[in-house]
Amino acid sequence: MSHVQKIFEEIRRRSIWQVLGLYVAGSWVVLQVADVFVQQLFLPGWVFRGALVLLAIGLPILLATSFLQGSRTHARLGDVGEEDRDAGASDAGPNSVLTGLFTWRRALSAGVAAFALLGLGTGGYLASRAFGIGPAATLVDVGLIESQGRVLVADFDSPTGDSALAHLASEALRIDLSQSSVVRVADPLQIAEALGRTGRPRDAVLDVDLATELAVREGIEAVVAGEVSVVGGRPIITAELVSAGDGAVLVTRRETAGREDEFVEAIDRLSAALRERIGDQVGSIRADPPLERATTSSLEALRLFTQATRMIDFEARNEQAIPLLEEAVRVDTSFALAWRKLARAQENIGYPLRIRLPAYTRAFELRDRLTTRERLLAEATYHDGVTRDWEQALVAYEAMLELDPDDYYALNNGSQHLLRLGQPARAEEWASRAIAVEPRNRFSYQALAAAQVRQGKFDEAARTFEAMATVLPDVPNFEILGAQLAYARGDYDEAERRLREFRDADPSIPTGHTWLERLARLRGRLAEAERYATDSRAAQEARGAVRYPIGTLAVRLANLDAVVRQDPAAAARRLDRAIGQEPVRLHEPGQSFFSLVRLYGAAGRSEEARTYLEATIDNTPPDRLNETAVMEAEVRILWGEGRNDEALDLARRAEGVPCVDLCWLTARSYFRAGQADSAISYMERAVTMPWLGGEGEDAWYRPLFYERLGRLHDDRGDLEKAAEYYARFAELWAGADEELQPRVRAVQTRLEEILAERG
């Protein structure tokens, strides 16, 4: 007897209940194997469902076969009488026909054939998908969508008037589609800017017609449009992918939510169907977090988030969006995306770190609940704003670029971190790529020029500014950039010539006077700097500028005393005279006194300094207090009190630990703490690194650092370095005012002595 016959005989011997038990056990094994194949081979869900259907169809066939063949077996074994057997043998009725039809051989053969057909269909699907032909071919396979092409999600319509659900659908679908590894979703901020360029409001309703127009203008391949209807309390969501070029509908999908609270799940299914048809691998779709986890299970929280997101991205109404986001995270405390959006809105309007910290931190803690890009953004912004660890932030931006090499946010922000980390060549590459993605953002041009200047590529930086002028002809005060570039070259005469031309063209613009003041200050021409400061202040007052408590001019001149003349006591006396003429009202809402704190603190008058610092903190709303400015002011107080080690720790916290950029405050703190090696390292970095400067710290401290570096190297016996910095100082202040010439002559005398010693 063959093995097959033995199997048939064994089955015949079993009761119907035994056969049913065996079938159920076998079905469980088959379904487990099918599930493994679906998961491991990334097969479509219909493979598992097909196996389930075949097993369900086979169950009644199995039961019928077991019953009929069991009766026949009993008859054959003599369980019925002779008369009955004769009657049964002569009975040619329906029971005989059924018994002949439902045989074990036929049942098993049909089952094998059915699963073979399922396997053949699955193999055909795999082949179709692999070769990009047939029904399983994706839009990318057949060339209707380019891999890594961009799609724009339009505002969904609502024929039944449920606009809130329509907004939810478009925002939720945009979030879920952003997980695609095949297409890139157009950033809402870029779409808002594109709307502005067409003369339309940034918050214009982005229906399918307007979305298609923008897509054509911006080089976006396709538009995702759709509608949400509510029928009998059940939301029905329809989405279609439309080619921007010819308006052809490439794919349409529809999902129905059983109840409104199942809305997010329906969007998730809809997005998965769209992504699979476009070209995403089934496995990658399944690996992504479900939309409910990546957003929220609360429809109310999602409503609030969607409303706030539109305010931020399209209307720039960050302040009005913040309460909505705060309510969203109150409704769902694990809504990671809302926490990250809240931190971003707070950052956009200048909230200090103390206010932003909870949102940054909570988003970072919940980052595993975010989509991949949003998770990386949460990590980057956390290290940007909280730890100030530029290296870890850069790791996150690099990972974002692995997902999408044209991610503008990562390219633009990452280029700035690369500059901070002393990698100007990579910063140049990233900034160039950012411009290629978004050529109408001036910050990328400035980042590119800064990276080129850091490498000494001044001609390339000039061409970058020319390209920016071509694309963005309305950049304000563009002429200043040419002066900045001349400043970076060290060609101060050319910088001054350009600045004078700018000032003379329109003396009512304070910027021209201010920059001339900085340049005169840098070169030790203090009387000239005071004159420019006076002109700048007059231009500001003519424009209705907000007046400083004791006058900006008095503070500027006091800073000249403290920093350039190296006489902080004289600076404090100048302030005393100004305050005597115009008493300060300490407790005036919104009034800050950071300049007074720094000047009085450095002069050793810590009591007055702390009084003004406390008043500043009391006058300033917590969400507006600049905590970095507070730390920098406290550093000066500690200097004046001789607590230089504490000042150093605080300075390093204010500028970032470790400080890897210019680090003016940290350099001075190392000098005051008596740590000569570190002071030399930080000072040399500040004065030898080319940068697009002229503003801020450089014009104040470059001459001072030259002078100090000469003395520090001189004290160490490194006469070659000492001579180098003495010469730079003497050259920079060659035309300085007579009151500063004693310092210049002292340096020149020592320089001549060194040159004589070295022959």
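The values are calculated or read from the model by the stated rules, or taken from the named source; none is laboratory data. Source: prediction; values computed, not measured. When we count neighbours, we look across all protein chains shown, and the Cβ atoms used for this are built from the backbone with ideal geometry, even at glycine. Accessible surface is based on the protein model in full, side chains and every heavy atom, while ligands, DNA and RNA are left aside. Shrake-Rupley method; radii C 1.70, N 1.55, O 1.52, S 1.80 Å.
Can you order the peptides 195-201, 643-649 by their average number of other Cβ atoms within 10 Å per residue, highest first?
643-649, 195-201
Take the Cα of residue 542, step 7 Å along the line toward its Cβ, and report every residue of segment 491-523 whose backbone nitrogen sits under 19 Å from that point.
Counting backbone N atoms under 19 Å from the label point, the list is 499-518.
How are the alpha carbon pair distances in segment 611-712 distributed across 5 Å bins from zero to the largest one, expressed in percent?
The percentages, shortest bin first, are 2, 13, 21, 21, 20, 12, 7, 4, 1.
Count charges around residue 755 for me, please; just the other residues with Cβ under 15 Å from its Cβ, Lys/Arg as +1, Asp/Glu as -1.
Neighbourhood net charge equals -4.
Mind listing the phi-derived Karplus ³J(HN,Hα) values for segment 592-606, rounded to whole Hz, using 6.51, -1.76 and 1.60 with θ = phi - 60°, and x for any glycine or proline?
10, 10, 4, 5, 5, 4, 5, 6, 5, x, 5, 7, x, 9, 5
Could you give me the ³J(HN,Hα) list for segment 315-322, computed from phi with Karplus coefficients 6.51, -1.76, 1.60 and θ = phi - 60°, whole Hz, x at Gly and Pro?
10, 6, 9, 5, 5, 6, 6, 4
Please give the peptides 714-722, 185-193 ranked by average Cβ packing (other Cβ atoms within 10 Å per residue), highest first, as a rough proxy for protection. All intermediate terms of the calculation are to be shown ahead of the outcome.
Numbers: 714-722: 14.2, 185-193: 19.6.
For the peptides 714-722, 185-193, the packing ranking is 185-193, 714-722.
Leaving out ligands and nucleic acids, note down the accessible area per residue over segment 152-305 with a 1.4 angstrom probe, in whole Å².
39 Å²
Name the long-range amide H neighbours of residue 156: under 5 Å, sequence gap of 5 or more, or other chain; modelled H, no Pro or chain starts.
170
Counting only protein heavy atoms and using a 1.4 Å probe, what share of the accessible area of segment 643-729 belongs to carbon plus sulfur, as a whole percent? Could you put the intermediate results ahead of the total?
Working: 1370 of 3330 Å².
Carbon with sulfur: 41 percent of the solvent-accessible area.
Accessible area per residue of segment 667-715 at 1.4 Å probe, in Å²?
Heavy-atom accessible area per residue stands at 34 Å².
Per residue, how many Å² of accessible area does segment 384-469 show with a 1.4 Å probe?
40 Å²
When N counts the residues of segment 508-625, how does its alpha-carbon radius of gyration compare numerically with 2.2 N^0.38 Å, as a ratio?
My calculation over the Cα atoms of segment 508-625 gives 1.09.
Note the full-extension length gain between residue 429 and residue 577 as 0.36 nm times their separation in residues minus their Cα-Cα distance, in nm to one decimal.
48.0 nm
Once the Cβ-Cβ distance between residue 745 and residue 349 is put in as r, and R0 is 51 Å, what FRET efficiency do you end up with, to the nearest 0.05?
Step by step, r from the Cβ atoms, then E = 0.50.
Round to a whole number: what % of the accessible area of segment 340-389 belongs to carbon and sulfur, probe 1.4 Å?
Percent of accessible area from carbon and sulfur atoms in segment 340-389: 44.
Largest first, how would 470, 534 line up by accessible area (1.4 Å probe)?
The ordering from most to least exposed comes out as 470, 534.
What order, most packed first, do the peptides 246-258, 674-686, 356-368 have when packing is the mean number of other Cβ atoms within 10 Å of each residue? Walk me through the intermediate numbers first.
Numbers: 246-258: 14.5, 674-686: 17.8, 356-368: 19.5.
Sorting 246-258, 674-686, 356-368 by mean packing, highest first, produces 356-368, 674-686, 246-258.
In the neighborhood of residue 613, defined by Cβ-to-Cβ distances under 13 Å, what is the net charge if each Lys or Arg adds +1 and each Asp or Glu adds -1?
Summing Lys/Arg as +1 and Asp/Glu as -1 gives -3.
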